[in-house]
Structures are given as C-alpha cells and as structure tokens.
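Just below is one structure, and these are the notes that go with it.
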C-alpha cells in the first residue's frame, strides 16, 4: 500500500517515534512518502535522522513560486474543488488562534501536496499531530486527494481543541489515532458519540535495535537524567527546585538535563542562583544514540511533566532497564505502575518530587535492577513498534476498503 506521512517538521530529534513508525511500516512491505512542511535547512544529529532527511520532501523549500504555481494548477484543473477548499479554509479560520492569511498558506501547501500524492498514486495520507498538519491533510482531501487520518498526541491539541478545529478534523477524518486511552478520552470529549467508533488507540513503539544490546548493568549510582525539550510543560524548573532541596539536605547526586529549548536560559539562571552548577548539567540537543547512552549512564529517568500525551522517553528508559520518576498525568499511569517500575508523584508538587528522587537514590542497587527488568518487560509487552504498526496498517487498509 502507498501511504504518505505529513508532519510539520521532520525529521527531528523529538520525533524519533515517527521515524520508527515509518520504518516499521516499510518493513512490513508498504511504501511511505515522507512530507514535511519545513526543516530542509537543518542537518539533524544522528545517522538515522540524516538518512530520513534525504528521503523527505519539504513543502516550503522552494519558497512562494512553487506554492503559487500549484495553486494555479488546481485553479485551472479543478476550480469547483478549489472553491470548496477556500470555503473550508474560511470556516476553519473564524475561531482559530491564527489569522486567515496563515490558513490560506495551509491551502497553498495542500495544493502542492495534492499534486505530489497524485503523481505517486498515494492511497492514504496520514498526518502526525492534530494541529496544522491535520488541517492541511483535510484540505488535500477537499482538493481531490486520498482519504486521510491523523494521530493526536497532546497536550497541545487538547489544550486548544476548539481553536484548531479539532472537532471538525475528527468528523472529517477516516479515523483518528490516540497514543493512550487518556488521549482517546480527550478526543471523545470533542465530538458526539456517533464519531467515537473512528477513534483508535495505537501506541508509539520502540524497535529492538534501540534496546536489545543494552547492558543490564545499572548506571552511575548517584546520577538521574531528564530527557526532553526544555519547556514549561516538561516541568524542568520544578526539577531544579527539587534538586535544590536535595542539595540543601546534603544529598550527593548528579542531574543531567538532555535537550534544549526555549526555557534553557531560565534554567541556567536558576541553576546558577542556587549554586547547582557542579550537580546539574544541560547537554543541548543530542542524537538518539547519545540520548540512549545518557540514559544508560544514569540510575533512573526523572520527568516531572505538568502536561503530556504519553512520553516516548519514558518507554525508552524503561526498555533500557531504568526505572522512572514521573507524574500522575495523562497516559503515564497507563504504563508506569508505582512501586513496580518507579515512582509517580503529583504534578507540581516539589516536595513529593524531591522525596521520590531521594528514595530512588537511596534504594538498594538490586531493587533498582528488579524495577528496571520489570519496566523493560512492561514496555516490550505494550509498545512493540512492529505490532503497533500492524494495527495502523489494518486501519489504513480498512479505509481503502471503505473507498472501494
């Protein structure tokens, strides 16, 4: 089956789960056309993402010229379809968080993509994220493109569902994927019961190559690692507050923040203010292989998120036999059982977070090893990438059968 994937920015360090999904589909004999709106001018770290970069088509790469040409081509070949798409664009922009000109750009992007999909005889278009990629995919269908679907990850889609026309997208899509049962419940909230049947759970997956040769030996006795974009929803500022409490108690520890983002300056300021420069290190953006190495070098992962979908890095750490310290939010409790695979704390509770970090650091190595093994088994049972890709293929094929 010929499938196209549409992503706003691909490949990217934070989108390794999409790469894994695409490669799993290809291993099962399907052709996947990668389409990214932007990202052509960035060389991603890591060999795998660099290979994906070379295989990806970028919608905005040529600037305004190809967009205008694609629009004129649709105008002269399918004027009625274009008129309907313009009407839909106007409708979507009326309550949106972005003005009409932005939505008109999405329409131009759809004009480019519908030409590519026709030339490649693509049978289904799948978008990742319910934001602008889903809107563009919806407009592609209006212009005569193939049936479409999208994966909603959260929390952004759920935070502003009405402003991104999430209900309209669910109603018009062939099916919608949630990455957790919690995510499915948030999609249920946005449409009437008659559309619930099209909302399916397909987990993000981990491929064996990521974890099968990883050492079972524990990492550094006193090191914890947090992996993720440095942003408000991940809670790293709270993590530094908890680190200060550990330091004030005289607890010996190391804390690695693997990632980069808009809050790096705020974090560096707070680290300096609390005198934690010797205990806390920020890596900046690193490749998937480097992330893996940093997780293996630590005793446990700590992720104090305020809002989430179901973080892939938790799955990654667990497959590498590392227990996790994280929060009771979104889909996380569906995967992490406290006492079995790590520690769960209320989001925003710095004292509880500091206590869980202290408990992890004080836990005997053999208990950390037991938790790590249980965590690995849990993820392998629920998040095998080939098994989850098989679920997607069934949905794609079901969509094609409806068309026939």
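The values are calculated or read from the model by the stated rules, or taken from the named source; none is laboratory data. Since we're looking at a predicted model, the values are computed, not measured. As a convention, Cβ positions derive from the backbone with ideal geometry for all residues, glycine included, and neighbour counts pool all protein chains shown.
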Review point. If residue 144 satisfies every condition in (1) outside any helix (DSSP H, G or I); (2) buried (at least 18 other Cβ atoms within 10 Å of the Cβ); (3) touching a residue at least 40 places away in the same chain (Cβ under 8 Å) but one, which is the exception?
Key: (2)
Check your understanding: When you look at residue 257, is it closer than 17 Å to residue 323 by Cβ and surrounded by 23 or more Cβ atoms within 10 Å (Cβ to Cβ), yes or no?
Key -> no
Point to revise | Of the criteria (1) out of contact with any strand residue (DSSP E or B) (no Cβ under 7 Å at 6 or more places or on another chain); (2) closer than 30 Å to residue 373 by Cα; (3) in the same structural domain as residue 22 (by TED's automatic domain parsing), which one residue 168 fails | key: (2)
Check your understanding: Quick one: which of 4, 24 is closer than 22 Å to residue 146 by Cβ, in a helix (DSSP H, G or I), modelled with pLDDT of 95 or more and within 19 Å of the chain's Cα centre (by Cα)?
Key -> 24
Check your understanding: Is it fair to say residue 240 is buried (at least 18 other Cβ atoms within 10 Å of the Cβ), over 16 Å from the mean Cα position of the chain (by Cα) and assigned to a helix (DSSP H, G or I)?
Key -> yes
Check your understanding: Is it the case that the stretch 2-17 has a residue that's more than 29 Å from residue 227 (Cα to Cα) and without any contact (Cβ under 8 Å) to a residue 24 or more places away in the chain?
Key -> no
Practice item. Can you confirm whether the stretch 80-90 contains a residue that is within 27 Å of the chain's Cα centre (by Cα), modelled with pLDDT of 95 or more and farther than 28 Å from residue 291 by Cβ? Key: yes
Review point. Can we say residue 271 is in contact (Cβ under 8 Å) with a residue 24 or more places away in the chain and either closer than 15 Å to residue 229 by Cα or in a loop (DSSP other than H, G, I, E, B) (or both)?
Key: no
Review point. Quick one: which of 245, 290 is assigned to a helix (DSSP H, G or I), under 21 Å from the mean Cα position of the chain (by Cα) and surrounded by fewer than 24 Cβ atoms within 10 Å (Cβ to Cβ)?
Key: 290
Practice item. Quick one: count up the residues across the stretch 37-52 that are outside any helix (DSSP H, G or I) and under 28 Å from residue 102 (Cβ atoms). Key: 8
Point to revise | Among the candidates 158, 150, residue that is buried (at least 17 other Cβ atoms within 10 Å of the Cβ), in a helix (DSSP H, G or I) and assigned by TED's automatic domain parsing to the domain that holds residue 78 | key: 158
Check your understanding: Among the candidates 339, 348, which residue alone is without any contact (Cβ under 8 Å) to a residue 40 or more places away in the chain, on the phi > 0 side of the Ramachandran plot and surrounded by fewer than 24 Cβ atoms within 10 Å (Cβ to Cβ)?
Key -> 339
Revision key, fill the gap. Of those in the stretch 110-141 that are assigned to a loop (DSSP other than H, G, I, E, B) and under 21 Å from the mean Cα position of the chain (by Cα), the residue surrounded by the most Cβ atoms within 10 Å (Cβ to Cβ) is 130
Practice item. With the condition kept exactly as written, say whether any residue in the stretch 249-260 is assigned to a loop (DSSP other than H, G, I, E, B) and in contact with a strand residue (DSSP E or B) (Cβ under 7 Å, 6 or more places away or on another chain). Key: yes
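Those residues that are closer than 13 Å to residue 135 by Cα and either in a loop (DSSP other than H, G, I, E, B) or not assigned by TED's automatic domain parsing to the domain that holds residue 157 (or both), I need them from the stretch 76-96; list them, please.
Residue satisfying the conditions is 96 alone.
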Practice item. Kindly indicate whether residue 322 is modelled with pLDDT of 95 or more, part of a loop (DSSP other than H, G, I, E, B), in the same structural domain as residue 347 (by TED's automatic domain parsing) and buried (at least 18 other Cβ atoms within 10 Å of the Cβ). Key: yes
Point to revise | Unmet criterion (only one of (1) out of contact with any strand residue (DSSP E or B) (no Cβ under 6 Å at 6 or more places or on another chain); (2) assigned to a helix (DSSP H, G or I)) for residue 203 | key: (2)
Exercise for review: Any chance you could count how many residues in the stretch 191-206 are surrounded by 19 or more Cβ atoms within 10 Å (Cβ to Cβ) and in contact (Cβ under 8 Å) with a residue 40 or more places away in the chain?
Suggested key: 5
**Study point:** Scope the stretch 171-180; condition in contact with a helix residue (DSSP H, G or I) (Cβ under 6 Å, 6 or more places away or on another chain) and within 14 Å of residue 200 (Cβ to Cβ); matching residues
**Key:** 174, 175, 176, 178, 180
